[in-house]
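Q: Below is the structure I would like to discuss, written out as structure tokens.
Readers should treat all values here as calculations from the given coordinates under stated rules, not as data from a laboratory. None of the values given here were measured: they were computed from a predicted structure. All Cβ positions, glycine included, derive from the backbone under ideal geometry; neighbour counts span all protein chains shown.
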Amino acid sequence: MNSKILFIGPIVIFVVLVLTFTFLAVSAYNASEPLGTLRRFSSLLPKVFQLVAFGGLLSIVATIGMKRIRSNILVYPPLFLILLDLDHLPSLFGIDQPIRPAHSLIFLLISLIAIFAFESRRPAIPLTLMSSFLGHLGLDSPLFPLFAPISSELYSFSTIISMTLVLSSIILAMISGRMYQRAESEKNDRLEFSITDAPSTQLSRDCS
């Protein structure tokens, strides 16, 4: 598969799923439910900066785990962290919506399965997504519809739970970096084996 498709694919899948969950939530929205609102611009910038900064931290941790700098390791964590907030889009256009419809464990599970399948069952990028998702929840205001779109019931997190989520996201970033390293080593080993095996294969053909 083309390297550009491999790089962009997880991002496209994630965005499509966020927008799908948001559409489903808006379609099923009941006026009696708490209304999701968009922050004022003055309070939005610090939140964006916080997410980008934490995404950068996860990128650094994953890079340390891999012991090499790679574009996907640098780009995916902050992008996943920020793009999760695309589920605020309806309120940007003045459309009533429930609170944070994609900040859901069901959304996380479906996203992990979709990206895992796209990545030929390699766990590094799904782990990066989980790391970013948990970090986002830990940094966000503690009120989430954890089982949307099945249920719009909101759950709140204590400070201890939020801190645990942030710590877990950092640990997962390190593990994902190690898995990137392992996958690259296995790829290099296969390439080296195919190169060293080529002459002997050719020789056997010549002899026959």
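Q: Can you quote the Å³ per residue value for the convex hull of the Cα atoms in segment 135-179, rounded to an integer? Show your work: numbers first, answer last.
A: Numbers: hull volume 3.2 nm³, N = 45.
Normalising the Cα hull of segment 135-179 by residue number yields 72 Å³.
Q: Going by amide H atoms built from the backbone, whose H comes under 5 Å of the H on Tyr155, apart from near neighbours?
A: Amide H to amide H, under 5 Å and 5 or more residues apart or across chains, Tyr155 pairs with Phe144, Leu146.
Q: Kindly provide the Kirkwood hydrodynamic radius of segment 107-161 in Å, to one decimal, from all pairs of distinct alpha carbon atoms.
A: Details: mean 1/r = 0.0805 Å⁻¹.
Value: 12.4 Å, from the Cα pair sum.
Q: Okay, moving on. Rounded to the nearest 500, what is the chain's calculated 222 nm mean residue ellipticity when only DSSP H runs of at least 4 contribute -39500 (n - 2.57) each, over all residues? Intermediate results must be reported in sequence, preceding the final value.
A: Values: 7 runs with 147 residues, N = 208.
That calculation yields -24500 deg cm²/dmol at 222 nm.
Q: Right, here's the next one. Could you derive backbone 3J(HN,Hα) for segment 145-150 from the dihedral phi with the Karplus parameters 6.51, -1.76 and 1.60 (θ = phi - 60°), listing whole Hz in sequence and x where the residue is Gly or Pro?
A: 3J(HN,Hα) across segment 145-150, in whole Hz: x, 5, 10, 5, x, 5.
Q: Using R₀ = 25 Å, calculate the FRET efficiency as 1/(1 + (r/R₀)^6) where r is the Cβ-Cβ separation of Ala117 and Ala183; round to 0.05. Working shown, then result.
A: Numbers: r = 16 Å, r/R0 = 0.65.
Efficiency at R0 = 25 Å is approximately 0.95.
Q: Express the relative contact order of segment 1-148 as a whole percentage, based on alpha carbon pairs under 8 Å and six or more residues apart in sequence. Spell out each step's value before the answer.
A: Numbers: 163 pairs, mean separation 48.7, N = 148.
Once divided by the residue count of segment 1-148, the mean separation gives 33 percent.
Q: Would you mind checking which residues have amide H under 5 Å from Leu38's amide H? H placed 1.01 Å from N; only 5 or more apart, or other chain.
A: The list, which skips near neighbours in sequence, is empty: none.
Q: Gaussian network model of the chain, Cα springs within a sub-10 Å range: biggest mean-square fluctuation belongs to which of Ala102, Ala25, Ala183?
A: Result for the chain, Cα springs under 10 Å: Ala183 fluctuates most.
Q: Can you give me the angle between helix 159-207 and the longest principal axis of the chain, using Cα atoms only, in degrees from 0 to 90, rounded to the nearest 10?
A: Here the helix axis deviates by roughly 20 degrees.
Q: Could you compute how fast segment 39-135 diffuses translationally, taking Rh as the Kirkwood radius over C-alpha pairs and applying Stokes-Einstein at 4 °C with viscosity 1.567 mPa s? Give it in µm² per second.
A: On the way: Rh = 14.5 Å.
Rounded to a whole number, D works out at 89 µm²/s.
Q: Now for a separate question. In units of 2.2 N^0.38 Å, what is the alpha-carbon radius of gyration of the chain?
A: Details: Rg = 20.7 Å, N = 208, 2.2 N^0.38 = 16.7 Å.
Relative to the 2.2 N^0.38 Å estimate, the chain comes out at 1.24.
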